[in-house]
Amino acid sequence: MTDNIRYMKRAMALAGRGSGWVNPNPMVGAVLVKDGHVIGEGFHEYFGGPHAEVNAIRSAIGNVEGATLFVTLEPCCHHGKTPPCAELIVEKKIRRVVVGMNDPNPLVNGKGIDFLRLHGIAVETGILEPELRRQSEIFVRYITTGNPFILLKTAMTLDGKIATVTNASRWITGESSRKLVHRMRQQYSAVLVGVDTVLSDDPLLNIRLRRSPAFPGGWKNPLKVIADSKARVPLTAKVLLEDPQLTIIATTRMADKNKVREIRRMGAQVVECDLLDGKVDLRHLKQLLGAMFIDSVMIEGGSTIAFSALQQGIADKVVTFIAPKLLGGTKAPTPVGGKGIRRMEEAIQLKRMNYRKIGVDIMVEGYTS
């Protein structure tokens, strides 16, 4: 393993520690190396906070002049919430910068690298770029389109059921998978469910995990988005009673105006979306969420909204947990419901597939494009 790869892997690991805290900004990690030794490390810790390069320089032991900086994302060269990192690198007389990937932000996108080279700093690029683009897939999608990155998460038994014929669903997957889903909620800005899920399960949609050394300050609960065309959500629902300020009810003109006022009075937000086949138009909802600076959404249920997301083409990625259980039953629900697809040639084909074992379950993931 070359030094470039070894130190970039360390920077990538550091970047991951900002997962869920920096949205809609990117996760970034940085490592300072001088005379073959790491003298400083840092990562972007929270939205609006110092960038990874700044934290690495501040943590450095000794003089950083002449050092090599390994950074997962191209240093910024524009004034935002913080000063340009490229200027700081020049000021500190860092000799060489190794960049994992160019910043897709149009305000940067090569300009930071050009600035460094213009000031005599040697720059190498593209180290672990495919891995880093995947780590930053949420940021890349949001900064280039203005729309959130959308993950469809499902869980099912080996015979493709999400509940029994009596609609009992706790628990399909094992404890390890359920913990991983809670960690995934940390990574995404919002979780989205249909109102039928609220009516049947009354979920909290929060993070219920013990504190982790990786997140010493605790966990950040995501926004809770409920697709509810007629505002059928009960005023006694947990998503309205517990942290209502984190809840967004996505409804339509079909909703009762008095009910909408009551929901708002409880502290939740209500957004009105276009109608599509009598339901919330998820493409319109996606645009509204992007305009609200929500960079990522995890769809968690149920089967009707899962099919709508796939049919309308809003899901970027699909993750399915498969439990080693068999339930049977022709009327037992499946992960993707709705009207279904009539012809096999029209099936939604996933790409770039991966799978791994999570406890007793298997997690399969793939991309729609």
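The values are calculated or read from the model by the stated rules, or taken from the named source; none is laboratory data. Bear in mind the structure is a predicted one, so any value in this text is a computation, not a measurement. Cβ atoms come from the backbone with ideal geometry, glycine included; neighbour counts cover every protein chain shown. Please note that ligands, DNA and RNA were not included when accessible areas were found on the heavy atoms of the full protein model with its side chains. Shrake-Rupley method; radii C 1.70, N 1.55, O 1.52, S 1.80 Å.
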(request) Largest first and to the nearest Å, give the Cα extent of the range 217-268 along each principal axis. (result) 41, 17, 13
(message) For the range 66-137, take N as its residue count and report Rg(C-alpha) divided by 2.2 N^0.38 Å.
(response) 1.03
(request) List, in order, the whole-Hz ³J(HN,Hα) value for each residue of the range 146-153 obtained from phi through the Karplus relation with A = 6.51, B = -1.76, C = 1.60 and θ = phi - 60°; use x for Gly and Pro. (result) x, 9, x, 6, 10, 9, 9, 10
(message) Could you tell me which residue out of 189, 344, 72 lies farthest along the dipole of the chain toward its positive end? Charges go on the beta carbon: Lys and Arg +1, Asp and Glu -1, centred on the Cα centre.
(response) 344
(message) Tell me the per residue accessible area of the chain using a 1.4 Å probe; a whole number in Å² is fine.
(response) 49
(request) Give the ranking of 27, 363 by solvent-accessible surface, highest area first, calculated with a 1.4 Å probe. (result) 27, 363
(request) Normalise the Cα radius of gyration of the chain by 2.2 N^0.38 Å (N = residues in it) and let me know the number. (result) 1.09
(message) Under 18 Å between alpha carbons, and skipping anything fewer than 8 positions from residue 325 in its own chain: which lysines qualify?
(response) 161, 357
(request) Report the residue, chosen from 118, 128, 204, that carries the largest GNM mean-square fluctuation when the chain is represented by alpha-carbon nodes joined by springs under 10 Å. (result) 118
(message) Counting only other residues whose beta carbon sits under 13 Å from that of residue 3, what net charge do I get with K and R as +1, D and E as -1?
(response) +3
(request) Taking 7 Å along the Cα-to-C-beta vector as the label spot, tell me the residue 38-residue 144 distance in nanometres, rounded to one decimal. (result) 3.0
(request) Let me know the longest stretch in the chain that avoids all trypsin sites (Lys or Arg not before Pro) found in a DSSP loop with at most 11 other C-beta atoms within 10 Å. (result) 82-169
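Take the Cα gyration tensor of the range 142-275, multiply each eigenvalue by 5, square-root it, and list the three semi-axes largest first, rounded to whole angstrom.
Numbers: eigenvalues 132, 82, 50 Å².
With the √(5λ) rule applied to the range 142-275, the semi-axes are 26, 20, 16 Å.
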(request) Specify the inter-centroid distance of the range 48-74 and the range 1-46, based on alpha-carbon positions, in whole Å. (result) 9
(message) Out of the total accessible area of the chain (probe 1.4 Å, heavy atoms of protein only), what percent is carbon and sulfur?
(response) 52
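For the range 121-194, what number results from the quotient of the Cα radius of gyration and 2.2 N^0.38 Å?
Values: Rg = 18.0 Å, N = 74, 2.2 N^0.38 = 11.3 Å.
So the Cα radius of gyration is 1.60 times the expected 2.2 N^0.38 Å.
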(request) Any aspartates and glutamates with Cα under 19 Å of the residue 220 Cα? List them, leaving off those in the same chain fewer than 8 positions away. (result) 45, 242, 243, 295, 300
(request) Over all directions, average the projected area of the Cα convex hull of the range 268-311 and note it in nm². (result) 3.6
(message) Using only the Cα atoms of the range 199-288, what are the Rg and Dmax in Å?
(response) 14.7, 47
(request) Take the Cβ-Cβ distance between residue 61 and residue 241 as r, set R0 to 41 Å, and report the resulting FRET efficiency rounded to the nearest 0.05. (result) 0.25
(message) Cut-off 10 angstrom, C-alpha nodes, Gaussian network model of the chain. Which of 53, 242, 300 fluctuates the most?
(response) 242
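Need one number for the range 1-135: average projected area of the convex hull over its C-alpha atoms, nm².
Working: hull surface 28.4 nm².
Orientation-averaged projected area of the Cα hull: 7.1 nm².
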(request) Calculate the spin-label point distance for residue 208 paired with residue 256, positioning each point 7 Å from the Cα along the beta-carbon direction, and give it in nanometres. (result) 2.9
(request) Can you find, among 310, 47, 1, the residue farthest towards the positive end of the dipole of the chain? Put +1 on the C-beta of Lys and Arg, -1 on that of Asp and Glu. (result) 310
(request) With a bin width of 10 angstrom, please list the P(r) values of the range 21-61 as percents of all Cα-Cα pairs, from the 0 bin to the one holding the largest distance. (result) 35, 44, 18, 2
(request) Please work out the Kirkwood hydrodynamic radius for the range 253-369, using every pair of different C-alpha atoms, and report it in angstroms with one decimal place. (result) 17.0
(request) Using the Cα centre as the reference, give the magnitude of the dipole from point charges on the C-beta atoms of the range 1-86 (Lys, Arg: +1; Asp, Glu: -1; all else neutral), rounded to the nearest 20 debye. (result) 200
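Run the helix sum for the chain: -39,500 (n - 2.57) per DSSP H stretch of 4+ residues, divided by residue count, reported at 222 nm to the nearest 500 deg cm²/dmol.
Numbers: 12 runs with 105 residues, N = 369.
Here the helix-only value at 222 nm equals -8000 deg cm²/dmol.
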(message) Taking the square root of 5 times each eigenvalue of the Cα gyration tensor, what semi-axes in Å does the equivalent ellipsoid of the range 37-87 have, largest first?
(response) 19, 12, 9
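Which whole number in µm²/s is D for the range 162-241 by Stokes-Einstein, with the Kirkwood Rh taken over Cα pairs at 37 °C and 0.692 mPa s?
Working: Rh = 14.2 Å.
Rounded to a whole number, D works out at 232 µm²/s.
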